[in-house]
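The values are calculated or read from the model by the stated rules, or taken from the named source; none is laboratory data. Everything quoted here is computed from the prediction, not taken from an experiment. Cβ sites come from the backbone with ideal geometry, for glycine too, and all protein chains shown count toward neighbours.
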Amino acid sequence: MAGPVSILKCNASICPVTASWFGYRPSLAMNATFLSIFIIALVLHTVFYYRYRTTGFSICMCIGCALEVSGYVGRILAHFNPWSLPAFFVQINGIGLAPTFFAAGIYLCLTRIVIAYGAGISRVQPKVYTYVFILCDIGSLVIQLPGGVLSSMSASKGREPTTGAHIGLAGVCFQVFALSIWVLLAMEFAVRCWMAGRSAWEAKYERMRDGWRFIAFLAGLGLAVTTLYARSVYRIVELREGYTGRFARDEIAFFVLEGLMILVLSLVTAVFHPGFGFGEMYQVITEQKATYPSPWKRRAFFMKDLTGTNQLVELTERSETLHSERTLKGSDNERERLARPGL
């Protein structure tokens with residue numbers, strides 16, 4: 001009687017599919033569908049980058065979509081050979097790391113939302129939301145990346161990648177912690193806006209805020225955060241049991257709680273893109289954001305510190321100057337357009 005066969009030597013003729021890296025044969029139809037839609041999302045985010053020049057946001061979203069594409073390519077390869085190590089490596093690293101970049105893109109939006117309603121209402125100055133949470137996201141990535149590498153190394157030796165899964169779990173837990181703080185700060189800012197009243201909101205962005213495009217963007221962002229949260233909680237449960245646990249080997253759970261959640265996130269952030277929501281004010285807000293000092297400078301982290309000095313006055317004056325210059329330039333362009341023959 002033949003002894004046990006190493007998973008590295010397994011194939012369909014001598015091993016059951018339940019003994020493969022995936023524990024099942026990944027669905028070709030479902031994975032091809034997800035792959036196609038993520039490619040569409042990648043194209044949309046690329047096009048909207050050139051349309052709106054949303055550099056930071058678009059780079060994060062494009063990297064996230066590209067990683068998802070690579071992950072689903074790996075799963076399609078696994079349909080034909082569930083024992084394929086390259087397919088397993090590509091999936092756990094592509095699909096596992098992609099949400100970290102999606103989270104970074106989401107984090108970048110809050111700074112501009114705060115400026116759109118009024119930086120003076122916020123507890124912390126606008127750049128804090130960018131600097132602190134991007135650093136948290138980098139920290140999450142730094143923790144998760146070695147987990148994926150160790151998992152790949154263990155698998156290449158035919159061993160169960162338990163240690164790598166647990167390291168990845170720590171990274172996802174940290175990501176959920178950071179996302180939770182971000183959500184709490186966003187909710188706190190919303191409450192402060194409500195308590196301050198509309199009269200305290202930034203007047204020059206009133207028309208944009210009241211427009212349906214900006215409201216749709218906020219709703220889309222809320223949905224994106226919800227799906228990211230749901231996926232992250234699923235990922236915690238999955239990695240707690242390791243890559244050979246019950247959830248890791250449940251393809252339906254994977255498609256609903258991992259694939260579908262991130263698919264919705266990638267599409268909703270493309271359809272309700274921040275460039276679409278903010279419109280021409282996106283660049284105005286970006287310029288205003290640049291006027292704020294680094295939050296690591298002395299007395300530059302909290303808005304009360306800026307308010308207590310001459311910095312806030314200077315920031316307001318610089319912001320108004322930028323807005324006036326952009327408005328004047330827009331008026332000149334409109335006059336030139338109307339002056340052209342046949343218009």
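Things worth noting here:
- Residues within the range 254-263 that are surrounded by fewer than 18 Cβ atoms within 10 Å (Cβ to Cβ) and either modelled with pLDDT under 95 or among the β-branched types (Val, Ile, Thr) (or both), tallied: 1
- Yes/no for Ala29 being assigned to a helix (DSSP H, G or I) and free of Cβ contacts under 8 Å to residues at least 40 places away in the same chain: yes
- Gly120 satisfies every condition listed in (1) closer than 16 Å to Leu221 by Cβ; (2) at pLDDT below 95 except (1).
- Residue satisfying condition, being among the β-branched types (Val, Ile, Thr), within 15 Å of the chain's Cα centre (by Cα) and modelled with pLDDT of 95 or more, within set Ile40, Ile106: Ile106
- Flag if Leu267 is closer than 15 Å to Gly96 by Cα and of a type outside the set (Val, Ile, Thr): no
- Verdict on Lys289 being over 30 Å from Gln91 (Cα atoms), in contact (Cβ under 8 Å) with a residue 60 or more places away in the chain and either in contact with a Cys (Cβ under 9 Å, 6 or more places away or on another chain) or not β-branched (Val, Ile, Thr) (or both): yes
- Comparison of Arg235, Arg209 shows that the only residue that is in a helix (DSSP H, G or I), among the charged types (D, E, K, R) and farther than 19 Å from Gly164 by Cβ is Arg209.
- Qualifying positions in the range 73-90 - in contact with a Pro (Cβ under 9 Å, 6 or more places away or on another chain) and under 13 Å from Leu28 (Cα atoms): Gly74, Arg75, Ile76, Leu77, Ala78, His79, Pro82
- Selection count, the range 6-20, where residues are at pLDDT below 85 and either in contact with a strand residue (DSSP E or B) (Cβ under 7 Å, 6 or more places away or on another chain) or surrounded by 11 or more Cβ atoms within 10 Å (Cβ to Cβ) (or both): 4
- Test: Phe133 is buried (at least 23 other Cβ atoms within 10 Å of the Cβ) and within 13 Å of the chain's Cα centre (by Cα): no
- So Arg112, is it basic (Lys, Arg), in contact with a Lys or Arg (Cβ under 9 Å, 6 or more places away or on another chain) and crowded, with 17+ Cβ neighbours inside 10 Å: yes
- Of all residues in the range 75-86 being buried (at least 23 other Cβ atoms within 10 Å of the Cβ) and either assigned to a helix (DSSP H, G or I) or among the small types (Gly, Ala, Ser) (or both), the one that is nearest to the chain's Cα centre (by Cα): Arg75
- Residue within the range 201-214 that is of a type in the set (Ser, Thr, Tyr) and touching a residue at least 60 places away in the same chain (Cβ under 8 Å) present: yes
- All conditions in (1) part of a helix (DSSP H, G or I); (2) in contact with a helix residue (DSSP H, G or I) (Cβ under 9 Å, 6 or more places away or on another chain) hold for Thr18, with the sole exception of (2).
- Against the list (1) in contact with a Ser or Thr (Cβ under 8 Å, 6 or more places away or on another chain); (2) at pLDDT 95 or above, the condition Gly23 fails is (2).
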